[in-house]
Amino acid sequence: MQHSEDNPWKITGEREVYDNPWIHLTEYQVINPSGKPGIYGKVHFKNLALGVIALDDDLNTYLVGQYRFTIDQYTWEMPEGGGLHAIEPLESIRRELLEETGLKASHWTELQRIHLSNSVSDELGICYLARGLEQFEAQPEETEQLAVRKLPFEEVYQMVIGGQITDSLTVAAVLRVKLMIIENRLP
């Protein structure tokens, strides 16, 4: 059975459900691919989701611990933050790395771009690898209560494999860096 890559959804109406400085929620009235009417909700993210694996010369990396309101859990993840679409993503993630860990890096590599939950949102995530690290003073935002841990990258990889790290950006970035290590392609 062949499937067309053309859009099978037809929008017959829409209404704004919610809007704030970070997200916009729209409910669409649709004709679904089977030809029946229905609804579909879409969360539009007004910023990019950005994250970075900061890797030192000894293959240690840095995790940030914080309580995540949305999932009602304390999590460990790579340094992350939002970036305005009007600002170069690399500029935004450099700021986040400094804010959260006090680190600056001289070498940056974009690892990958991923859609974080494409069944309900259009949020785009961009993951980076930062090398050539220098330590400065962290500058967390007033709404952040962060803990920073420096760990061997292999231990962080095992935390991903073992399910202790579940943040999707961190999981994707750690797996990509692990593959680069295996293939001896680290910059």
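The values are calculated or read from the model by the stated rules, or taken from the named source; none is laboratory data. A quick note: this is a predicted structure, and the numbers were derived from the prediction, not measured. Using ideal geometry, Cβ is built from the backbone for each residue, glycine included, and neighbour counts are taken over all protein chains shown.
Look at Gly82 and say whether it is assigned by TED's automatic domain parsing to the domain that holds Gln135, surrounded by fewer than 17 Cβ atoms within 10 Å (Cβ to Cβ), within 22 Å of Asp122 (Cβ to Cβ) and within 14 Å of the chain's Cα centre (by Cα). Yes: the conditions hold for Gly82.
Just one of the numbered conditions (1) buried (at least 17 other Cβ atoms within 10 Å of the Cβ); (2) free of Cβ contacts under 8 Å to residues at least 60 places away in the same chain; (3) over 18 Å from Asn47 (Cβ atoms) is not true of Ile114: (3). Of all residues in the stretch 71-123, those satisfying the criterion of being charged (D, E, K, R) and assigned to a loop (DSSP other than H, G, I, E, B) are Asp72, Glu88, Asp122, Glu123. Counting the residues of the stretch 20-34 that are loosely packed, with under 15 Cβ neighbours inside 10 Å and in contact with a Ser or Thr (Cβ under 9 Å, 6 or more places away or on another chain) gives 3.
So, of the residues in the stretch 129-173 that are touching a residue at least 60 places away in the same chain (Cβ under 8 Å), among the charged types (D, E, K, R) and surrounded by fewer than 18 Cβ atoms within 10 Å (Cβ to Cβ), which turns out to be nearest to Gln66 (Cα to Cα)? By that ranking, first place goes to Glu144. Go through Tyr62, Tyr74 for me and flag whichever is modelled with pLDDT of 95 or more, touching a Phe, Trp or Tyr at 6+ places or on another chain (Cβ under 7 Å) and not β-branched (Val, Ile, Thr). None of the others qualify; the one that does is Tyr74. When only residues in the stretch 62-71 that are out of contact with any Pro (no Cβ under 8 Å at 6 or more places or on another chain) and in contact (Cβ under 8 Å) with a residue 24 or more places away in the chain count, which is nearest to Pro152 (Cα to Cα)? Selected residue: Leu63.
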